[in-house]
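Scroll down for the structure; my scribbles are underneath it.
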Amino acid sequence: MNNKIKAAVAGAVLASASVANAGITWDAGEWTVDMNGNVNAFAIFADNKDSGDQIGGGLANTNTGTNNDENTSISTGLLPSWLGFTATTRQNDIDTSVTISFQPGAGGNAALQGGGNTENRQAFLTFGDKSWGSVKVGKDLGIFASTAILNDMTLLGVGANGAGTQHNGGNAGTTTTLGGIGTGYIYADWKGQIAYTTPNMNGFQATVGITQPWGTTNLSAVSATAAGGSDNFAYEGQASYSWTGDFAGKAWVGAFYQEVQGLTAEEAVDVDEDATSYEVGVSTTVMNIGLVAYGYSGDGVGTTGMLSDGFDITGAARDSDGGYVQATYVIPMGTKLGISYGVSNLDDNAADAGDNLVKKNDRITVGAYHPLTKHLNLVAEYSQVESESHGAQADLQTDIFSVGAILFF
């Protein structure tokens, strides 16, 4: 990915004062307004082996069709189509900004559907100064696992298709595919938050914040999860060190914590637990070679989405871990070739005995990303997603082919 495209990705996904002026800008009185975003769409072909079978929380064969079902769709990829507006100004020696964005889906799969879903992922303000840092207030990408998704090469493509393997016409109508979510990292998601970011101190920077607490969710249709929530904030943080030169890169660590209350196994029993997770990662660039390695470990955070399948029916936390490795190479004609392998594991508890709860979701993706212009990339990917169960269900597999284009402005 060339530097201009990479900056556009960062600007579209994680808009803030630090990435303002990435798109189309104009002055409006004391303000500078930046309009930025992207449009992308892909033709997606999914081949589901033994697709009549299911694994609870599995990401392969999530459709309900017949065996060896083949599906097609026209859809946005991991990064949704995006239109964002950021306005910045400096008053009383304070840099301030406001960002609002919306994300339309690529289309639907039935008449009178209106063309798919639309989301509003960002609505936040920032204020600060390079001497003491900045504060963010509002809804934006979560802190924990954010760098993992921003370094995922499938951000320009499709990766794992997720709901796109459904029998009724692929993921047409949804806003995004999964990329590497659930096969290497937990989704950072879009959260209400109040966060503080330190100034850049010779490459070191840290962000800490309180975020909207999540309730538990059950992605598994075959294994129950105790329902629970929290009346306290979630706490997230990430610290990183970046360096430049011929061997440039970034290393980071992060953590997540949330108390989960009211995990009810029976009406008379309420269980309180903690959901915690830690992460570590590194990304480097040497000449035309890019390398990424990332790993996480958690207790009660579940898999794929935060607090998804994180607790069994008794309210006991399930352990989980995973990570991904990725290598890319830019050939002389400018095309970036990449390969990525990721896995997310979920342990079962005694209460899960006999259930076809997912044990492992893993994915391998090979892709080619060609910058036709400095703003436009043509993309082709192949991904193989496999799901393994703790129960008797045999391993399931989905092969996903995709071709399309993504344009940033």
The condition of being crowded, with 17+ Cβ neighbours inside 10 Å and at pLDDT below 95 holds, among L112, L155, L141, L178, only for L178
Yes or no: G342 closer than 15 Å to Q326 by Cα and either surrounded by fewer than 22 Cβ atoms within 10 Å (Cβ to Cβ) or modelled with pLDDT of 95 or more (or both)? yes
I want to confirm something. Restricting to the stretch 237-265 and keeping residues that are under 22 Å from I143 (Cβ atoms) and of a type in the set (F, W, Y), which single residue is surrounded by the most Cβ atoms within 10 Å (Cβ to Cβ)? F256
Give me the pairs, please: first residue somewhere in the stretch 225-251 and of a type in the set (D, E, K, R), second residue anywhere and outside any strand (DSSP E or B), beta-carbon distance under 7 Å, and either six or more positions apart or on two chains. E236/G142; E236/I143; E236/F144
Checked the stretch 62-79 for anything modelled with pLDDT under 80 and touching a helix residue (DSSP H, G or I) at 6+ places or on another chain (Cβ under 7 Å); matches are T62, N63
Does the stretch 351-358 include one or more residues that are part of a helix (DSSP H, G or I) and either of a type in the set (D, E) or surrounded by 23 or more Cβ atoms within 10 Å (Cβ to Cβ) (or both)? yes
Out of all the residues in the stretch 372-399, which are part of a loop (DSSP other than H, G, I, E, B), modelled with pLDDT of 90 or more and not aliphatic (A, V, I, L, M)? T373, K374, H375, H390
I'm trying to understand the selection: among the residues of the stretch 43-55, which are surrounded by fewer than 24 Cβ atoms within 10 Å (Cβ to Cβ) and either farther than 19 Å from R363 by Cα or at pLDDT below 85 (or both)? A43, K49, D50, G52, D53, Q54
All positions within the stretch 291-319 that are of a type outside the set (D, E, K, R), without any contact (Cβ under 8 Å) to a residue 60 or more places away in the chain and assigned to a strand (DSSP E or B): L291, A293, G295, S297, A317
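The values are calculated or read from the model by the stated rules, or taken from the named source; none is laboratory data. Just so we're clear, the structure is a prediction, and the values are computed from it rather than from any experiment. Here Cβ is always computed from backbone atoms with ideal geometry, including for glycine, and neighbour counts include all displayed protein chains.
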